[in-house]
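Since the structure comes first, as C-alpha cells, the remarks are kept for the end.
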Amino acid sequence: MIPPIASRFVAGETPAAAFDHVRRANEDGVNVILNLLGEHYHERAPADGDADTYVEILRDIGATDLDACVSVKPSQLGIDVGDDVFRENLRRVVEAGDEHGVFVWCDMEDHETTDVTLDTFEDLAREFEGGVGLCVQANLRRTREDLDRLVDVPGKIRLVKGAYDEPESIAYTDKADVNEAYREDLEFLFKERDAGIAVGSHDPKMISLAAELSAEYDADYEVQMLMGVREDEQRRLAAEGVEVWQYAPYGGKWVSYFYRRVRERKENLLFALRAVAGV
Ligand code: FAD
C-alpha cells in the first residue's frame, strides 16, 4: 500500500485506484494524464508488458466518460533496448489511443534519446493526424530548432523546462537562462501554432505569460501540472476556464518517483508531512 506521505503524488497502485483519482479530479474540472510508473528497462519483456498495459488502459478510458489520457516514457517502451523496440511499442500504444479516441503523450528523457523520440513522434503524429503529443525541454540548446521542425506537425507540444542534468555543451544550466529559453520557446509556439500548446510548468510567471500570449495571438492552450503540486492553483485555473491537465503517475513502482519529487524540492516533503499530520 502507498503510505499517505507518498499518496499526495501518486494516484494509487492499481488502475482502479487511478481511475478513482481521475473521477475526483474531473469533479473539480481538472483533466488527468495517467502515467504508469516504469522506466529504463534494459530488456524487451517489461517494455512490451508496459505497452500492453497502456493498450488496456486506453481501452478502459475509452469505455468511460472520464476526461483522461496517458503519457508514456521512451525508456519505459524500450528505447534502451533498441530504437525499433521503442518505435514498435509507441506505435502500438498510439494505435490503441486512436482506436479508443484517447490522446497519448510521449515524455522526453535525456538528450541521448531526443533524436529518436522526435523522429518517432513526427512519424506517428503525421500518420495518426494528431492524437499524439510530445514533450520538449526548453533547457536544451537544440530546442528552438526542433520547434521549427515541429511547428507544422499535427498533435500537441508540451513545453517543459527540462528535468535531466545535461552537460553545459548541450543545455542551459543556469536557471535564468532556462527561464529565458522557456519564454522564447513559448512565444514561438503561440506565434506559430493556433492550438496544441501545453504549458508544462508550475511556474506562475510562465502560466501568466501563456495567458497573455494566448490573448495576443488568439491561440488555444492547456496548462499541465503534476499531481500533488499546486493543486489549489490547478482547481483555480480550471474554475477560471483554463484547460488544466494533471499528470498523475500510478502503479507499484512509486518509491523512486516519490523520492524524486522530494529531492527536487524539499518543500514537497513538508507539504506531504503537513498533509499527514493534518496541519
Ligand atoms: P521551477 O522552475 O521548478 O519553479 C518555478 C516556480 O514554480 C517556483 O518558484 C514556484 O513558484 C513554482 N513551483 C515549482 N514547483 C513547485 C512546488 N512543488 N510547489 C509550489 N510551487 C512550485 N521534464 C522532462 O524533462 N521531461 C518530461 O517529459 C517532463 N514532463 C513533465 C510533465 C508535466 C505535466 C510537468 C508539470 C513537468 C514535466 N517535466 C518534464 C518536468 C519539468 O521539466 C520541470 O523539471 C518541472 O516542471 C519544474 O519546473 P517548473 O517550470 O514547474 O518550475
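Figures for the structure shown
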| quantity | calculated |
| --- | --- |
| Filter pass, V32 being closer than 23 Å to M225 by Cα, of a type in the set (A, V, I, L, M, F, W, C) and within 16 Å of the ligand (Cβ to nearest atom) | yes |
| Lone qualifier among G130, G78, G82, G97 - being more than 16 Å from the ligand (Cβ to nearest atom), of a type in the set (G, A, S) and over 21 Å from G38 (Cα atoms) | G130 |
| Boolean, V255 is in a helix (DSSP H, G or I) and within 13 Å of the ligand (Cβ to nearest atom) | no |
| Members of the range 186-219 found to be more than 9 Å from the ligand (Cβ to nearest atom) and part of a loop (DSSP other than H, G, I, E, B), listed by number | R193, D194, A195, G196, D218, A219 |
| Among residues of the range 153-179, those that are surrounded by 14 or more Cβ atoms within 10 Å (Cβ to Cβ) and of a type in the set (D, E), counted | 2 |
| Residue identified as open to solvent by 30 Å² or more (accessible area, probe 1.4 Å) and within 29 Å of T113 (Cβ to Cβ) among D65, D48, D28 | D48 |
| Evaluation of Q137 against (1) under 22 Å from E216 (Cα atoms); (2) within 12 Å of the ligand (Cβ to nearest atom); (3) of a type outside the set (A, V, I, L, M, F, W, C) (one fails), failing number | (1) |
| Those residues of the range 169-180 which are more than 9 Å from L140 (Cα to Cα) and assigned to a helix (DSSP H, G or I), in sequence order | K175, A176, D177, N179, E180 |
| Odd one out for E222 among (1) away from the ligand (no atom under 12 Å from the Cβ); (2) in a strand (DSSP E or B) | (1) |
| The listed residue being more than 23 Å from D110 (Cβ to Cβ) and either at pLDDT 95 or above or within 16 Å of the ligand (Cβ to nearest atom) (or both), out of D50, D60 | D60 |
| Among residues of the range 181-223, those that are out of contact with any Phe, Trp or Tyr (no Cβ under 8 Å at 6 or more places or on another chain), acidic (D, E) and farther than 18 Å from Q246 by Cα, counted | 6 |
| Within the range 216-248, tally of residues that are over 21 Å from K161 (Cα atoms), open to solvent by 30 Å² or more (accessible area, probe 1.4 Å) and either among the β-branched types (V, I, T) or touching a residue at least 40 places away in the same chain (Cβ under 8 Å) (or both) | 2 |
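The values are calculated or read from the model by the stated rules, or taken from the named source; none is laboratory data. Keep in mind that what you see is a predicted model, and the values were worked out from it rather than measured. Using ideal geometry, Cβ is built from the backbone for each residue, glycine included, and neighbour counts are taken over all protein chains shown. Areas reflect the complete protein model, heavy atoms only, side chains present, ligands, DNA and RNA absent. Shrake-Rupley method; radii C 1.70, N 1.55, O 1.52, S 1.80 Å.
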